[in-house]
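Here the structure is laid out as structure tokens; the discussion comes afterwards.
The values are calculated or read from the model by the stated rules, or taken from the named source; none is laboratory data. These numbers come from a predicted model, not from an experiment. Glycine also receives a Cβ, built like all others from the backbone with ideal geometry; neighbour counts cover every protein chain displayed.
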Amino acid sequence: MKQLEIKTNRRLLIIESESGNYAYDYRVDEKGPHPIKKICKGSDLTEDIAEGLVNIFDLSYYVDYNGHSPRCYVDTALESFISAIEAAGYHWGENPVKEPRMSDYGWYASGHPEEDSGWMYEEGENKYYESLKLFEEAQSRTLNPSKCIIFEIV
């Protein structure tokens with residue numbers, strides 16, 4: 001189960017669980033229990049719902065929480081919500097790191113027909129495992145909207 005707390009115009013808690021359900025109405029941390037109120041499932045998040053969750057930069061723009069944009073705003077509330085998640089070091093929806101394949105590094109697992117062709121070398125193996133580690137780290141910080149529930153910490 002993954003949990004992420006972000007602060008926009010509200011304190012939000014995003015919980016991802018395998019079942020896509022979360023049955024508690026409070027969250028406990030080092031400061032004690034905090035009541036939480038369900039807003040919606042991640043897969044049900046719409047522009048209208050997101051508008052109530054993020055700060056408005058101007059009458060028609062929303063805050064870019066990443067601060068990567070030189071203009072410091074984005075065009076939609078959903079983009080703003082996702083930028084808040086990204087600012088916390090997480091990803092929404094899809095892992096941006098491509099899953100590596102052994103063959104991309106000229107390295108094949110034991111028993112593979114190419115193993116005897118001379119393509120297997122230690123440097124390729126090391127690079128493959130480095131890339132695999134990066135992919136797995138990014139995957140551990142990627143939230144699947146269909147398995148998430150968004151709460152407000154009240």
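One table, with the values for the structure above:
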| read-out | value |
| --- | --- |
| Condition check for I15: over 22 Å from G89 (Cβ atoms) and of a type in the set (A, V, I, L, M, F, W, C) | no |
| Out of I85, I49, sole residue that is within 14 Å of I150 (Cβ to Cβ) and touching a Cys at 6+ places or on another chain (Cβ under 6 Å) | I49 |
| Qualifying residue in segment 72-86 (condition: more than 22 Å from Q139 (Cα to Cα), in a loop (DSSP other than H, G, I, E, B) and either more than 20 Å from the chain's Cα centre (by Cα) or outside the structural domain of K147 (by TED's automatic domain parsing) (or both)) | yes |
| Filter result (exposed (fewer than 14 other Cβ atoms within 10 Å of the Cβ) and either farther than 16 Å from I85 by Cα or more than 17 Å from the chain's Cα centre (by Cα) (or both)) within segment 41-64 | D44, T46, E47, D48, G52, D58, L59, S60 |
| Residues (charged (D, E, K, R) and either within 30 Å of Y61 (Cα to Cα) or at pLDDT 90 or above (or both)) located in segment 15-48 | E16, K37, K38, K41, D44, E47, D48 |
| Selection within segment 5-40 - within 16 Å of the chain's Cα centre (by Cα) and either surrounded by fewer than 16 Cβ atoms within 10 Å (Cβ to Cβ) or not assigned by TED's automatic domain parsing to the domain that holds A87 (or both) | E5, K7, S17, E18 |
| Segment 117-143, subset among the hydrophobic types (A, V, I, L, M, F, W, C) and at pLDDT 75 or above, residue farthest from N95 (Cα to Cα) | L132 |
